[in-house]
Amino acid sequence: MELSQEILERKVISALNDRARVDKISISILDLSNQISRSVQKSKERLVSINGEIPRYPASIIKLFWAYQALYQLQNSNNLDFLLEHMLVNSSDAAGQELVDLLTKTHEVEIHNFEYAYAQRAELDNFWKAFGFRDLKARHKTFLDNYLNLDAWIKEVKGPNTVTSNMVVNLWKQIWINDSEPKLLETKRVEFLKWLKRKPTKAPILPSLFDSYCINRDKKAIDMKLDINNFDGDFQASLIGFNLPKDCDLYTKSGWRDDFICDSGIIRKNSKCYAISVFSELPLKDGLEFIRNFQFSFLIE
């Protein structure tokens, strides 16, 4: 099916079953079908979106931005690969927290001087602002605010992380095409995609699965504090991969909390390729229902 603004709006309203709730949804789809061959300059990709410029809380999707910056700025090390793999494969919040400390050098100071540590964390915003992501906010570590006093303060005083769905698809384009600054070394780009590779699924994601996972993750985190050698994640949902054909290539990173869910990624089959980002500020059950009803398989049919 040919992608257009009209088709996207119609599918969103149909999947919601309620036009009045559209303001709770952001969705962006970037057509990269003409960009699959990175060795040849192709025609400009096409973006369609609904509420694509509205800043929203990204939950664990912010880890994509941290990971990309780390791969671009930090030297190779076993510990870096260790953190990146478990942050992206298992969505480990503890690994993400350690990575933020490496990028901003705030680990030793955050308890003593919140304002100074927050200023140090500006590196997480400023890196991306230099490349056009001007309204991105990435200074707040995800999860475990009860152990990280700095991050509880940031969330309350400065506000949590925010991105737009348009930013997220443009990041996925950068990961996929790697044709503009900040460019990754090809070996790092390939490794990045390996950690984001998922499998399409026919089984619907149910709220009970998220509830069970979050409860277990919370308990592990409470028991382990911030022991990075024990991971707080063993489940990586692929919401946009629901009901895609098995021969479809799928790379995703999702995020959620009890009143919010989002997903993002690349889907490709043969000559068709799309970067996708979807944010729902509906209650978790309704957000899952929306993504299941929407079904991104129409893009590659």
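No lab work stands behind these numbers, since they all come straight from the coordinates. The shown structure was predicted, so the numbers you read here are calculated from the model rather than taken from an experiment. Don't worry about glycine lacking a Cβ; one is built from the backbone with ideal geometry, like all the others, and counts go over all protein chains shown.
In order along segment 264-273, phi translates into HN-Hα couplings of 7, x, 10, 10, 9, 9, 6, 8, 9, 8 Hz, rounded to whole numbers, per the Karplus curve 6.51 cos²θ - 1.76 cosθ + 1.60 with θ = phi - 60° and x for Gly and Pro. 3J(HN,Hα) couplings calculated from phi for segment 174-190 with the Karplus curve 6.51 cos²θ - 1.76 cosθ + 1.60 (θ = phi - 60°) are, in sequence order, 5, 5, 7, 8, 6, 10, 8, 6, x, 7, 8, 4, 4, 5, 6, 4, 4 Hz; Gly and Pro show x.
Quick one: length gained pulling residue 46 to residue 34 fully straight, 0.36 nm per residue minus the C-alpha distance?
Numbers: separation 12, 0.36 × 12 = 4.32 nm, distance 0.94 nm.
In short, 3.4 nm is gained.
For residue 190 and residue 74, what does the FRET efficiency come to when R0 = 22 Å and r is the distance between their Cβ atoms, rounded to the nearest 0.05? Present the calculation step by step, with values, prior to reporting the outcome.
Working: r = 17 Å, r/R0 = 0.78.
Efficiency, from the Cβ-Cβ distance: 0.80.
When each of 247, 31 is scored by the number of other beta-carbon atoms lying within 10 Å, the sequence from fewest to most is 247, 31.
So which GluC sites (Glu not before Pro) in segment 90-195 end up in coil per DSSP with only 11 or fewer other C-beta atoms within 10 Å? Present the calculation step by step, with values, prior to reporting the outcome.
On the way: sites: 98, 108, 110, 115, 123, 156, 186, 191; in loops: 108, 110.
Answer in residue order: 108.
A simple rule links phi to the HN-Hα coupling: the Karplus curve 6.51 cos²θ - 1.76 cosθ + 1.60 with θ = phi - 60°, which for segment 9-14 gives 4, 5, 5, 5, 5, 5 Hz, with x for Gly and Pro. Taking other C-beta atoms within 10 angstrom as a stand-in for reagent exposure, 290, 279 fall in the order 290, 279, fewest first.
What order do you get for 61, 291 when you list them from fewest to most C-beta neighbours inside 10 Å? Write down the numbers at each step before the final one.
Working: 61 28, 291 24.
Fewest-to-most Cβ neighbours within 10 Å comes out as 291, 61.
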